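Presented below is the structure to which this report refers.
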Amino acid sequence: MTPSTLATGAATGQTHITADDHAIPLNRITEIIAETLDDPPLRIRLPLFVLNAASVAGEFACRPVGLRTPHHRRRTSWFAATRSFDTAKGVGPLRAD
């Protein structure tokens, strides 16, 4: 942030997502984490419908006996989501000159 931004309080009370100009795919994030930990990434790849089916089956099997499923549909949907954000908001009041 520039001193003028801090002085005027232009960014006060707002939420800003800091990002790069391009999105990083989930596979690349996994590779970066594995490299950082000096550990090979897992190479198990399953189609999304298989994960969804397993999630639904787990929810219905665990519910009658009062257990919380370790994997549910909401977690499965996370893998299909696009995680890229518009960084235009950060160009204005948070720009570092």
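Quick look at the numbers
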quantity: Label-point separation in nm, Thr12 to Cys62, each point 7 Å along Cα→Cβ; calculated: 4.5 nm
quantity: Whole-number percent relative contact order across segment 25-81, with pairs defined as alpha carbons under 8 Å at least 6 apart; calculated: 26 percent
quantity: For Ala57, net neighbour charge (Lys/Arg +1, Asp/Glu -1) across residues whose Cβ lies under 12 Å away; calculated: +1
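Coordinate-derived values only; no laboratory data. On a predicted model such as this, the values are computed, not experimentally measured, just so you know. We place every Cβ from the backbone using ideal geometry, glycine too, and count neighbours over all the protein chains shown.
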